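Asker: Attaching a single structure in structure tokens format; questions to follow.
Rule-based calculations on the coordinates, nothing more; no lab input. Predicted, not measured: the structure shown is a model, and the values here were computed from it. Here Cβ is always computed from backbone atoms with ideal geometry, including for glycine, and neighbour counts include all displayed protein chains.
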Amino acid sequence: MVWWIKHHRNGKPYRESSGTGKKMVAKKLLERREGEIAQGKLPGVEFEKITFDQLAKGFLADYRINKKKSLTRAEGSVDHLKKYFEGMKVPAITTPRINEYIEKRLDEEASNGTVNRELSALKRMLTLGARQTPPIVDRVPHIPMLKENNARKGFFEHNEFLAMRNALPVYLRGFSTYAYKTGWRLSEITDLTWSRVDRHQGIVRLETGETKNNEGRTVYLDEVLKEIINSQWEAQKNNRVMLPYVFLNEKGDNKIKRFDKTWNRACKNAKIGKRIFHDLRRTAVRNMIRSGIPERVAMMVSGHRTRSVFDRYNIVNAADLKEAVNRQSEYLEKQVLQTLGTNSGTIVDINEKKANQHVG
């Protein structure tokens, strides 16, 4: 015989199997349930009904409500997590299960940083569930994080960018060129609307609150970027459908969203190795510095708020290091010549003084 318990919540009776034939054990379970209800918590049996899908829905809703800039990245993290946790009850999301997920993602050659972003999303989901009133998560399991190498080294040499751009479908060519030249974040370009573009003046503005750092930004377009913007305008005008977004997807019916597979295929066809779209941002910063643009101005164009973040882009490569050695060698050679010239002049002066003294 198995004992059943009955408790009341909000005046409504609930019956639950104690799972035991011992009356004292069932009685203790009833007392625990009544204590949970008295504290405003959901009874443990309710926690067991909550699934990953419910947490994911609440997580994305939190991003939308708070208008977080990284919603697209959050959606991507949820998509990956769903492949493993979809339909799983929250009590089953344990540290061993999470470790299995980590191994699975690493086997898929996901970077440590990417996996950590996904784990952070999972932890945020559970934390939001635990903070609700009443809570729908009774405990947040330990979620191990992977070690990351924060030195970001990916960038394009100009010939590599041209090869990659030519391998992309037409709708992504101007889009990637805009990123290559301005260093803007992916979301800033995908969300760029015509209301922020002055085609006649050749100016693009992002208002305060529209960027990741919440600071406004103004960019003056060069001839290449002007041509790209104008071609986007003419293409939409010819289709007789003017959408608010500057850069549209392949169908031309919405803004550009996910294009991971297309991007990876282009990099492979261009034979430049694995790259990510964010490498264009790093490359733009490096190119601006190399061309002599003051760092402060480059930061204003790319949208870097602090010098510490700007420096993390590690814009030095092997060619930069070689150039530094050559410049140092040239400098030291000049110093040697100047020193020899000075010493030689001193000797002449002394000899001249001695000769004059002798004549005297």
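Asker: If you take the beta carbon distance between Lys67 and Thr339 as r and set R0 to 51 Å, what does 1/(1 + (r/R0)^6) give as a FRET efficiency, to the nearest 0.05?
Answerer: 0.20
Asker: From Cα pairs below 8 angstrom and at least 6 apart in sequence, can you work out the relative contact order of the stretch 75-186, rounded to a whole percent?
Answerer: Contact order relative to length: 22 percent.
Asker: Here are some pairs, Lys69/Lys251; Lys68/Lys226; Lys123/Lys274; which of them have Cα atoms lying more than 27 Å apart in this structure?
Answerer: The pairs that break the limit, which is 27 Å between Cα atoms, are Lys68/Lys226; Lys123/Lys274.
Asker: My understanding is that a pair violates if its Cα-Cα distance is over 28 Å; which of Lys181/Lys255; Lys237/Lys271; Lys82/Lys261 do that in this structure?
Answerer: Table pairs above 28 Å Cα-Cα are Lys237/Lys271.
Asker: Using 1/(1 + (r/R0)^6) with R0 = 30 angstrom and r between the beta carbons of His142 and Glu34, what's the FRET efficiency to the nearest 0.05?
Answerer: 0.50
Asker: Using alpha-carbon pairs under 8 Å, 6+ residues apart, how would you state the relative contact order of the stretch 158-311 in percent?
Answerer: 31 percent
Asker: Roughly speaking, what is the stretch gain from Met88 to Phe277, that is 0.36 nm per residue apart minus the C-alpha to C-alpha distance, in nm to one decimal?
Answerer: 64.8 nm
Asker: Any idea how far apart Tyr331 and Asp53 come out in nm if each label point goes 7 Å out from Cα toward Cβ?
Answerer: Reported label-point gap for Tyr331 and Asp53 is 6.4 nm.
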